[in-house]
Amino acid sequence: MTPDARPIGILGGTFDPVHHGHLRIALEVLEALELAEVRFIPCRLPSHRGQPVATPEQRLTLLQLAVADQPGFLVDDRELHRDGPSYMVDTLASLRTEVGATPLCLLLGMDAFAGLTTWRHWQEIPELAHLVVTNRPDAGPPLSNTLNELVEQREIRQPEALRECPAGGILFQPVTQLSISATRIRHLLAQGRSPRYLLPEAVLNCIREQGLYRPPLPTACEE
Ligand code: ATP
């Protein structure tokens with residue numbers, strides 16, 4: 001391994017749509033851990049939740065608009081080219097073949113980390129990347145015993161340790177708490193209310209241009 005290889009951050013998600021919660025944590029982690037970059041990886045077909053409202057291409061376009069002016073932010077569309085559900089273990093394996101021994105840091109909100117054991121081949125994930133877990137308001141249920149054991153075995157407390165090996169550590173990284181979710185943004189738009197300031201203006205403009213997440217049209221008997 002290159003001794004001083006700066007780790008690559010990965011933020012996977014549905015991004016239906018991307019919002020300031022995603023962008024702010026990515027920026028804080030990029031700076032705090034001195035990452036080389038953060039790659040936003042939208043999933044094509046989520047494996048453990050309902051179908052997104054926007055198409056993969058629409059979500060990709062929104063992400064590209066969101067990251068365009070931030071150095072160090074990249075959009076990686078590899079999951080959009082794979083058939084079937086998007087499994088993070090496959091994504092990390094394909095990244096690993098490209099980056100060699102450069103450390104990979106998978107950024108996970110606490111809600112996502114709490115559900116890790118439901119992911120396909122989840123035990124392989126810490127072998128492929130470090131896990132950087134960020135706190136999130138309303139984080140949901142407490143960690144399972146299995147995850148608490150995983151933390152006991154793998155927790156690291158110093159960010160510098162992320163550079164010492166390609167994968168395997170778990171770091172809890174405090175970030176600014178922003179109670180923003182894509183679900184809330186979709187609900188606001190569906191109710192004809194404004195989600196302005198919860199997401200980048202360029203993203204909101206594109207949502208409006210494309211008529212995404214609009215309120216359902218009234219049915220004939222409601223007119
Ligand atoms: P939805 O409301 O549709 O479930 P979401 O807002 O949670 O979406 P995702 O695309 O599912 O967004 O999230 C991708 C990743 O970003 C997850 O690891 C999630 O924990 C994290 N994340 C999303 N919003 C926030 C936030 N406000 N603060 C911290 N982490 C967040």
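Under a model in which nothing but the beta-carbon of Lys, Arg (+1) and Asp, Glu (-1) is charged, the range 8-179 shows a dipole of about 260 debye around its Cα centre. Take the range 1-75, drop everything but the C-alpha atoms, weight them equally and run the Debye formula without solvent; then report log10 I(q)/I(0) at 0.27 Å⁻¹ to two decimals. Debye curve over Cα of the range 1-75, log10 I(q)/I(0) at q = 0.27 Å⁻¹: -1.25.
Report the full-extension gain for the segment Ser94 to Leu178: residue separation times 0.36 nm, less the Cα-Cα distance, to one decimal in nm.
On the way: separation 84, 0.36 × 84 = 30.24 nm, distance 3.15 nm.
Stretched fully, the Ser94-Leu178 segment lengthens by 27.1 nm.
Based on Cα coordinates alone, diagonalise the gyration tensor for the range 58-126, multiply each eigenvalue by 5, take square roots, and list the semi-axes in whole Å, largest first. Display every interim value, and only then the final one.
On the way: eigenvalues 94, 49, 42 Å².
In descending order the semi-axes read 22, 16, 14 Å.
Calculated over the range 165-209, the projected area of the Cα convex hull averaged across directions stands at 5.3 nm².
Counted over the range 88-223 with a bin width of 5 Å, the fraction of Cα pairs per bin, in whole percents, is 2, 9, 15, 16, 13, 12, 12, 9, 6, 3, 2, 1, 0, 0. Three semi-axes describe the equivalent ellipsoid of the range 8-179; taken as square roots of 5 times the Cα gyration tensor eigenvalues and ordered largest first, they are 22, 18, 17 Å. Just checking the listed ones, Tyr213, Tyr197, Tyr87: in the Gaussian network model of the chain with Cα springs under 10 Å, the one fluctuating most is Tyr197.
Each reported figure results from applying straightforward, stated rules to the coordinates on display, with no laboratory input. The structure displayed is predicted, hence computed values, not measured ones. Please note: Cβ atoms are built from the backbone with ideal geometry, for glycine as well, and neighbour counts cover all protein chains shown.
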